[in-house]
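Remarks on the structure that follows.
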Amino acid sequence: MHLVVTAHTPDGHLSYQRTSPEAALEKADELAADGHERVVITDITGRDYEPGEFDSLFVHPGR
């Protein structure tokens, strides 16, 4: 699986590639905890997910 985690900062965008949903969510949570804004996870189709939405759809469905 190919996922891109992006955060918007005052200096521009930060993007990180991850290969598993768990790793992508972990990175997104790290970026949000660091105070970065508009953290999203983008899947291979180009769809963006907020970390909470991504978690409920791909990491912990049914919670």
Given the criteria touching a Phe, Trp or Tyr at 6+ places or on another chain (Cβ under 9 Å), assigned to a strand (DSSP E or B) and open to solvent by 30 Å² or more (accessible area, probe 1.4 Å), does VAL40 qualify? no
Suppose the filter is modelled with pLDDT of 95 or more and over 8 Å from the mean Cα position of the chain (by Cα); does ALA28 pass it? no
Inside the range 1-28, the number of residues satisfying the requirement of being within 14 Å of PHE58 (Cβ to Cβ) and open to solvent by 40 Å² or more (accessible area, probe 1.4 Å) is 6
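The values are calculated or read from the model by the stated rules, or taken from the named source; none is laboratory data. Because the structure is predicted, anything quoted here is derived from the model rather than measured. FYI the Cβ positions are ideal-geometry reconstructions off the backbone, even for glycines, and counts take in every protein chain you see. Areas reflect the complete protein model, heavy atoms only, side chains present, ligands, DNA and RNA absent. Shrake-Rupley method; radii C 1.70, N 1.55, O 1.52, S 1.80 Å.
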